[in-house]
Amino acid sequence: MEKNDKLCKVLDMIDHPERYTDEMIHELLLDPECADYYNAISITKSGIEAKKASSECDEEMTNAEWKRFEQKNYPKRQPAHRFTWHRIAAIFIGCAVLSALAVASWNILAPKDVTGIAKTSALKTPAHNANKLATDSATRTDSLATAQIRTFDNARLADIIDEVAKYYGANVQYEDKSVMELRLQLSWDKSAGVEGFISTLNYFDKVHAEYDNNTIILK
Amino acid sequence: MIDKSIIERLFRCNYSKMYTLARAILHDDEESKDVVQDVFARLIDLNMIPDKEEAFLLTCVRNKCFDILAHKQTREKVEKLIILENGYEIYTCFDERPNFEELSQFVDNSLTDPTKTIFRLRFAENMKYNEISARMKLSEKTVYKHLKIALSKLKLHFNAKEN
C-alpha cells in the first residue's frame, strides 16, 4: 500500500467506522504505518479530551459528583423511629387528656357520696415524659485510630504473605512462584480478617489469591 | 469501613485529576464520571487507606478504564478514537503519563490555519465534513486534504518523540 493510500485508509476508517468490522480494523492496523497514524490521532484526541476535562471540572462539578456519590453510597436513614416515638407519645398524651376530662366530667356530674366528700382523683400524668422518648441518632464511631493497620512499602509479596499467614495461623501455597518476587505497596487492616486481606490483594492486577481450607493460595 | 469524612477528603482532593485521566483514556464524559465513582465505591469496600493517595487512585482509574475498554468492541473504540491495545503503554506508568497539555498544544503550535482550525473542528468539536465545509467555506475535498496534512504531521511528531 502506498503511503498516501495508508493515510487515506486510516482516515476512511476513522470517518466511517460503521463500514469496518473488528477483523478489518485489526487487519488494517497490522500495518505499522497505519497503526502509527491511528495512534497519533488517538493520543492527540486524548490530549484534547484531557484539556476539556480540566477546564470543565470545577468546584461545582466536584460538589455535584460528591453529592451523587454520597446519595448512592451513604443513603440517609429515614428517621422512622423518631417519628414512631413521637406518634406514640402524642397518642399517649391524647389518651391521658381524654381520661382526665372523662374523670373530671364524672366528678362534676356524678352524685356526691354520703360523707359529702366529692370523689376526686388526681389527674394521672403520663408515666413517661414524652421528652424522654426522644431518640438519639446513631453516630458512627468508626475510628480509624483503633484499626490495626500494618503498612507495607515496596515489600516482597512473599514476605507480606508470610507475615499475614503467621498472624492468622494460615498456610500458604504458591501455584505460581513468580508472584513471590512481586513488590507491593499496601495497607493491611488486621481486623478485616483473611478474607479482607485476600480481597485487598486481588485488587492488584498481577495477583490472584484465594483462601480455602485455612490456606492462602497464590496463583 | 473507612470513615466518610476521609473518603470525602480524598474525593475532593483528587477528583479533578482522576476524572481528567479517565476522560483522556475513555474519551467520554459520562463514562469517566462513573469510573471515578466506582473507584471510590471500591475504596470503601476495600477498607484501606493508601499511603500514596494520588498515585494509588490514579492507578485505580487507569485499571478501571482498561477493564472497560477490554469489554468494548474494536469498532466501538475506533468510533471514539480510543487508543487500541498496542498503544496502552503510554498509560501504564502513571508517573510518566503523557503531558496532556503538551499534546493539546502541539496542535496549536505546529499546525497553521486553516489546517489547525479544520483539525479542531473535526476532532475536538466532532463536526462532520459537510459541516466543516460549510463553516470554513471550503470544499469537502479541501477539508479532507487539510486533515491528511494534520495527520501526517502528527505521525511525524510522535515518531520523532519515540526515537
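The values are calculated or read from the model by the stated rules, or taken from the named source; none is laboratory data. Just so we're clear, the structure is a prediction, and the values are computed from it rather than from any experiment. Counting neighbours? That spans all protein chains shown, and the Cβs are built from the backbone with ideal geometry, glycine included.
Side notes on the structure shown:
- Whichever residue in segment A:183-215 is among the aliphatic types (A, V, I, L, M) and assigned to a helix (DSSP H, G or I) and, among such residues, is surrounded by the most Cβ atoms within 10 Å (Cβ to Cβ): A:Leu201
- Taking every residue in segment B:77-93 that is at pLDDT below 70 and pairing it with any residue that is part of a loop (DSSP other than H, G, I, E, B), at least 6 positions away or on another chain, the pairs with Cβ-Cβ distances below 6 Å are B:Ile90/B:Pro98.
- Residue that is farthest from the other protein chains (Cβ to nearest Cβ), among those in segment A:12-23 that are of a type outside the set (Val, Ile, Thr), assigned to a helix (DSSP H, G or I) and surrounded by 13 or more Cβ atoms within 10 Å (Cβ to Cβ): A:Asp12
- Considering segment B:123-138, the residues that are out of contact with any helix residue (DSSP H, G or I) (no Cβ under 6 Å at 6 or more places or on another chain) and over 13 Å from A:Glu49 (Cα atoms) include one that is nearest to the other protein chains (Cβ to nearest Cβ), namely B:Lys128.
- Filter pass, B:Ala160 being part of a helix (DSSP H, G or I) and at pLDDT 90 or above: no
Per-residue answers, yes or no, for (1) under 26 Å from B:Pro50 (Cα atoms); (2) surrounded by 12 or more Cβ atoms within 10 Å (Cβ to Cβ); (3) more than 14 Å from chain B (Cβ to nearest Cβ); (4) modelled with pLDDT under 50:
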site	(1), (2), (3), (4)
A:Gly94	no, no, yes, no
A:Pro111	no, no, yes, no
A:Pro126	no, yes, yes, yes
A:Asn129	no, no, yes, yes
A:Asp136	no, no, yes, yes
A:Arg150	yes, yes, no, no
A:Leu157	yes, yes, yes, no
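- Search result, residues across segment A:57-78 that are over 17 Å from B:Arg9 (Cβ atoms) and surrounded by 14 or more Cβ atoms within 10 Å (Cβ to Cβ): A:Cys57, A:Met61
- Filter result (part of a helix (DSSP H, G or I) and in contact (Cβ under 8 Å) with a residue 24 or more places away in the chain) within segment A:24-47: A:Glu33, A:Cys34, A:Tyr37, A:Tyr38, A:Ile41
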